[in-house]
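Just below is one structure, and these are the notes that go with it.
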Amino acid sequence: NVPGGSFFHRYFVLKERVLSVEYSATMMGFPGGNDHGPEHIRRVLANLNSLVGSKPLRSLSQYELFLAMAGVLYHDIGILRGREGHAETSALLLSEEKAAYIFNDEDKAFLPSIVLSHSSSADISKCPSDQHVKGYDVRPRLLAALVRFADELDEDVRRADPLLQGKLDLPKKSQFYWRFNNRIRGVKIDRQQNEISFNLAFLKGDIGLI
């Protein structure tokens, strides 16, 4: 949960909107792709929760927590216009967002770069520097790293269901990503031990595949 009235309500409205509308349509922009829909977003939010721990306000301000969670919600919306360059498109769509009751000018000064930086090719150091805004400390580069890490950790078999795969005519460029997810049974984030473990199960035929 996000404490601080307006943060919670703005986040809740945004979440209800994007999960039921935008993310229900994202895969139309990524035919044959692994899961980038509502369940992926829910898992990334769960990963973020595990990374920041049960008492996130010990390490993040209320505003930072809102920005991180909103960044997760928006990071893959650009796929509505296609997979290529979707991080840039997500950032653009956020900067053009008309719902002023969700995002204000301060939010738009930080969130587009946080969303853009979920791509591993983006340079997080180009995010705005640390600032103090309306009583809250904001560290955009830290938040961008959290969003990217939470996203990267959603890489298990749930993103590429083997039964579904058998019913699809996957493009060749998508096959590697489905195999990659198929071979990861689970990812466990242990905040208390500062440890992340991966349960992998390779097949004999994987040797030499790319």
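Summed over qualifying helices (DSSP H, 4 residues or more, each -39500 (n - 2.57)) and divided by its residue number, the chain shows a 222 nm mean residue ellipticity of -13000 deg cm²/dmol. Spacing of the modelled spin labels on D123 and R191, each 7 Å from Cα toward Cβ, amounts to 3.3 nm.
The accessible surface of the stretch 1-160, taken with every protein chain in place and a 1.4 Å probe, is 53 percent carbon and sulfur.
Note on R179: accessible area approximately 50 square angstrom, rounded to 10, probe 1.4 Å, nucleic acids and ligands left out.
Non-local lysine pairs in the stretch 128-210, meaning eight or more places apart or on different chains, with alpha-carbon distances under 25 Å, amount to 4.
Each 10 Å bin from zero up to the one holding the largest Cα-Cα distance in the chain carries the following percent of pairs: 8, 33, 36, 18, 5, 0.
Would you list the membrane-span-like helices of the chain, meaning whole DSSP H runs whose alpha-carbon atoms span at least 27 Å along their axis and whose mean Kyte-Doolittle value is at least 1.6? Working shown, then result.
Numbers: long enough: none.
Within the chain not a single helix satisfies the rule.
For the stretch 116-210, the direction-averaged projected area of the alpha-carbon convex hull comes to 9.3 nm². Largest GNM mean-square fluctuation across E39, E195, E84, computed for the chain with C-alpha springs under 10 Å, falls on E195. Heavy-atom accessible surface of L116, to the nearest 10 Å², is about 60 Å², with a 1.4 Å probe and all protein chains retained. Size descriptors for the stretch 1-95: radius of gyration and Dmax over Cα atoms are 13.8, 41 Å.
Compute the semi-axes of the equivalent ellipsoid of the stretch 2-51, taking the square root of 5 times each eigenvalue of the Cα gyration tensor, and list them largest first in whole Å.
In descending order, the three semi-axes are 24, 15, 5 Å.
Scattering from the stretch 57-164 was approximated by placing one identical point on each alpha carbon and applying the Debye formula without solvent; log10 I(q)/I(0) at 0.13, 0.19 1/Å stands at -0.48, -0.95.
The charge dipole of the stretch 1-125, taken about its Cα centre with unit charges on the Cβ of Lys, Arg, Asp and Glu (plus for the first two, minus for the last two), comes to roughly 380 debye.
Excluding ligands, DNA and RNA, what is the solvent-accessible area per residue of the chain at a probe of 1.4 Å, expressed in Å²? Don't skip to the end; give the middle numbers.
On the way: 11540 Å² over 210 residues.
So the chain comes to 55 Å² accessible per residue, rounded to a whole number.
The values are calculated or read from the model by the stated rules, or taken from the named source; none is laboratory data. This is a predicted model, so every value here is computed, not measured. A quick note on method: Cβ atoms are made from the backbone with ideal geometry, for glycine too, and the neighbour counts reach across all protein chains shown. The protein model used for the area step is the full one, side chains on, heavy atoms only, and it has no ligands, DNA or RNA in it. Shrake-Rupley method; radii C 1.70, N 1.55, O 1.52, S 1.80 Å.
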